[in-house]
Amino acid sequence: MPMARSLPAFWMKVDDRSQRAPLESHQPMNDPKPSPRQLGYRMPAEWEPHEATWLAWPHNRETWPDQLDLVKDIWAQMVKGISPKERVCLLVNDELAQDEAVTRLTRVGAHMEHVIFHKIPTVDVWIRDYGPTFVTRQQGDAPLAFNDWIFNGWGDKYESHTRDDSVAKAMARLLDAPAFDHPIVLEGGSIDVNGRGTCLTTEQCLLNPNRNPHLGREEIEGVLRESLGADHFIWLGDGIVGDDTDGHVDNIARFVNPTTVVCAVEEDQKGENYTPLQENYERLQGARDQHGSKLTIVPLPMPGKVVYEDATLPASYANFYIANGVILAPTYNRPKDSLALGILGELFPDRTVLSIPCASVVIGLGAVHCVTQHQPLT
């Protein structure tokens, strides 16, 4: 991600990702291993209670050539915001990185008793995409488990980043939690759920031939149905300009409660994002939830064009993160910042909305939601 960056799957458990054969459309549906759904698991909504938030400490200077030190300070602010009410699990490459993180976190007043460091080397910070997708169940052993997808560097764009495909497996060993290994390519930022059976995603990403060219819409829905416990799917179209993830939904539309979706809209009719975002907004207005009821759609403004070295960046207020008691909201030093913060404050009256300055972070082509992964409370 740097600037210079209804057939069920086979529910295999393997240590070597290369052993996972791609799921072919003609493969039989009588897979002997039960799916997460068959075992009673579902993916909770992000606003449901968390046990922890997972992040990776920033270190890749190719992602932020001139802003890495500033980005580290922003990470410290995020940890400070999250740590009062839930654990923060922070991946670091080595002892030196941990010492640096401790210094910066202590300096800003983070609740260090809630910060846990794990020495798991990473190429970069985009744990939403290469990390696990957690699922929970109320009955039986192992109330927490997760889906481990194949991460191919956002459609084979960045070969070096594919090494982060191993991070979820390392986290599984730490958590001693079951991991459902899926032989399909999928990133966490490409899906959003309301925790009641509806999943929101985009055609540009999940139907992109650089992910799973052998799978069609119904087959992908089948995989998501069995892995997330979702029954109903809402497909949006394209994402925003500058997004090298091929239209991740967490930049354009998000559930904020079981029946409400906040949707990014561009007010400038001459803007590059106007038409695709308007089409997504219209799709959502006609969408239904898992019960067939209409959703409430709340427009969220775009910040306007944000440029770095002549490249348009994927700056979006929709890339916020919902933690226990707090919303981490990206801002970009733009006039619309205050309006976006106000809208999120109205949508989450029981949480404090914290402005996280992301004008530097988005140079790496992502923001707050892209670098966080929530672990549900069980």
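Checking every one of the trypsin sites (Lys or Arg not before Pro) in the stretch 31-82 against DSSP loop status and a limit of 15 other Cβ atoms within 10 Å picks out Arg61. The modelled label-to-label distance for the pair Gln278/Val307, using points 7 Å beyond Cα in the direction of Cβ, is 2.3 nm.
Loop-located GluC sites (Glu not before Pro) in the stretch 35-107 (DSSP state not H, G, I, E or B) with no more than 15 neighbouring Cβ atoms inside 10 Å: Glu62. Residue-wise HN-Hα couplings along the stretch 223-238, as the Karplus relation 6.51 cos²θ - 1.76 cosθ + 1.60 with θ = phi - 60° gives them from phi, are 5, 5, 4, 6, 8, 9, x, 8, 10, 9, 10, 10, 9, 8, x, 9 Hz; Gly and Pro carry x.
Note on the stretch 49-376: antiparallel DSSP beta bridges, both residues inside, total approximately 40 percent of the bridges counted. A straight chain from Leu174 to Glu159 at 0.36 nm per residue would run longer than the Cα-Cα distance by 2.8 nm. When +1 charges are put on Lys and Arg Cβ atoms and -1 charges on Asp and Glu Cβ atoms, the dipole computed for the chain relative to its Cα centre reaches about 760 debye. Out of the stretch 185-280, which GluC sites (Glu not before Pro) are coil in DSSP terms and have no more than 16 other C-beta atoms within 10 Å? Passing both the DSSP loop test and the Cβ count: Glu267, Glu272. Once you sort the root eigenvalues of the Cα gyration tensor of the chain as a ≥ b ≥ c, which label holds: rounded (a/c under 1.5), prolate (a/b larger than b/c) or oblate (the other case)? Note, shape of the chain comes out rounded.
Entry note, the chain: the mean residue ellipticity at 222 nm calculated from DSSP H runs of n ≥ 4, each adding -39500 (n - 2.57), is -6500 deg cm²/dmol after division by the residues and rounding to the nearest 500.
Computed from the coordinates by the stated procedures, all read-outs in this text should not be read as laboratory data. Every value quoted in this text rests on a predicted model; they were computed, and no experiment measured them. Here Cβ is always computed from backbone atoms with ideal geometry, including for glycine, and neighbour counts include all displayed protein chains.
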